[in-house]
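Let me begin by presenting the structure, written as structure tokens, before commenting on it.
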Amino acid sequence: MTVNLTRIYTRLGDGGETHLGDMSRVPKTHPRIEAYGTVDELNAQIGLALAQGDLPERYVEWLRRIQNDLFDVGADISVPEGGERQRLRVIPEQTASLEQACDEANEPLAPLKSFVLPGGTPAAAQLHVCRTVCRRAERRAIACGEEINAECVRYLNRLSDLLFILSRGANAGAAEPLWEPGRYR
């Protein structure tokens, strides 16, 4: 699949509408636009986590693959089912790769005894931001209803789990901030 971007501004969105991937026009507030826009925001947040520079190399490998997969998710969400052309769709193998990464990354971590507070190292804190944006992207995808590929929702759900696990791993060697119920009452 070739992508050619020769002109960045088109002026076509100046009236508050945009094209979906099938070239149909919708308002910029359409649920699909909200969903893939949040996926795009998540991708940018992951880029910021990578820019922290203090992540294990294995995490970097996973996150770079995820960044590419998130473009697949956005492309999938942006194109309604049907039409004559075959479209890029997220497949179960992409979700399965997240599950494998979850298992691998979680294995060396200590069992949790409480909820984790966002924070710790800069990379861990940024991965918590990524996790929360991912959860929002998942909710936005769900809000599209049955109009989108259900694998996109499954992918985002597993990704939020992985981002949580990676945030814990990024705190390795530092004190993991844990919730202490009622501590300041």
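The values are calculated or read from the model by the stated rules, or taken from the named source; none is laboratory data. A quick note: this is a predicted structure, and the numbers were derived from the prediction, not measured. Please note: Cβ atoms are built from the backbone with ideal geometry, for glycine as well, and neighbour counts cover all protein chains shown.
Looking only at the range 86-102, filter to residues that are in contact (Cβ under 8 Å) with a residue 40 or more places away in the chain and not aliphatic (A, V, I, L, M); which one of those is farthest from Arg168 (Cα to Cα)? The residue in question is Arg87.
Only one residue in Asn171, Asn157 is surrounded by 13 or more Cβ atoms within 10 Å (Cβ to Cβ) and modelled with pLDDT of 95 or more. Which one? It would help to see each step written out before you state the result.
Working: Asn171 fails: modelled with pLDDT of 95 or more.
Testing whether each residue is surrounded by 13 or more Cβ atoms within 10 Å (Cβ to Cβ) and modelled with pLDDT of 95 or more leaves just Asn157.
Applying the set (1) modelled with pLDDT under 70; (2) closer than 30 Å to Gly169 by Cβ to Ala35 leaves exactly one unmet item: (1). Tell me, yes or no, whether the range 115-122 has at least one residue that is surrounded by 20 or more Cβ atoms within 10 Å (Cβ to Cβ), assigned to a helix (DSSP H, G or I) and at negative phi. Looking through the range 115-122, none of the residues is surrounded by 20 or more Cβ atoms within 10 Å (Cβ to Cβ), assigned to a helix (DSSP H, G or I) and at negative phi.
Could you go through the range 126-141 and let me know if any residue there is in a loop (DSSP other than H, G, I, E, B), of a type in the set (Val, Ile, Thr) and in contact (Cβ under 8 Å) with a residue 60 or more places away in the chain. Even if it seems obvious, please write down each step before you answer.
Within the range 126-141, the first condition is being in a loop (DSSP other than H, G, I, E, B), and the residues that meet it are none.
So far as the range 126-141 goes, no, none of its residues is in a loop (DSSP other than H, G, I, E, B), of a type in the set (Val, Ile, Thr) and in contact (Cβ under 8 Å) with a residue 60 or more places away in the chain.
Of the set (1) of a type outside the set (Phe, Trp, Tyr); (2) outside any loop (DSSP other than H, G, I, E, B); (3) in contact with a helix residue (DSSP H, G or I) (Cβ under 6 Å, 6 or more places away or on another chain), all apply to Val90 but (2). Can you report the number of residues in the range 53-85 which are among the polar types (S, T, N, Q) and touching a residue at least 24 places away in the same chain (Cβ under 8 Å)? Adding up the residues that qualify gives 2. Please tell me if Val60 is aliphatic (A, V, I, L, M), in a helix (DSSP H, G or I) and at negative phi. Yes: the conditions hold for Val60. Here Arg65 fulfils each of the conditions (1) within 21 Å of Arg140 (Cβ to Cβ); (2) in contact with a Ser or Thr (Cβ under 9 Å, 6 or more places away or on another chain); (3) in a helix (DSSP H, G or I); (4) not acidic (Asp, Glu) apart from (1). Picking from residues in the range 62-106 that are more than 21 Å from Leu162 (Cβ to Cβ) and exposed (fewer than 13 other Cβ atoms within 10 Å of the Cβ), the one that is modelled with the lowest pLDDT is Gly83.
May I ask you to verify whether Leu42 is out of contact with any Ser or Thr (no Cβ under 6 Å at 6 or more places or on another chain), surrounded by 14 or more Cβ atoms within 10 Å (Cβ to Cβ) and either in a loop (DSSP other than H, G, I, E, B) or modelled with pLDDT under 85 (or both)? Give the steps one after another, and end with the answer.
Numbers: out of contact with any Ser or Thr (no Cβ under 6 Å at 6 or more places or on another chain): yes; surrounded by 14 or more Cβ atoms within 10 Å (Cβ to Cβ): yes; either in a loop (DSSP other than H, G, I, E, B) or modelled with pLDDT under 85 (or both): no.
No; evaluated as a whole, the condition is false for this residue.
Only one of the numbered conditions (1) closer than 18 Å to Pro56 by Cα; (2) under 19 Å from the mean Cα position of the chain (by Cα) is violated by Glu176, and that is (2).
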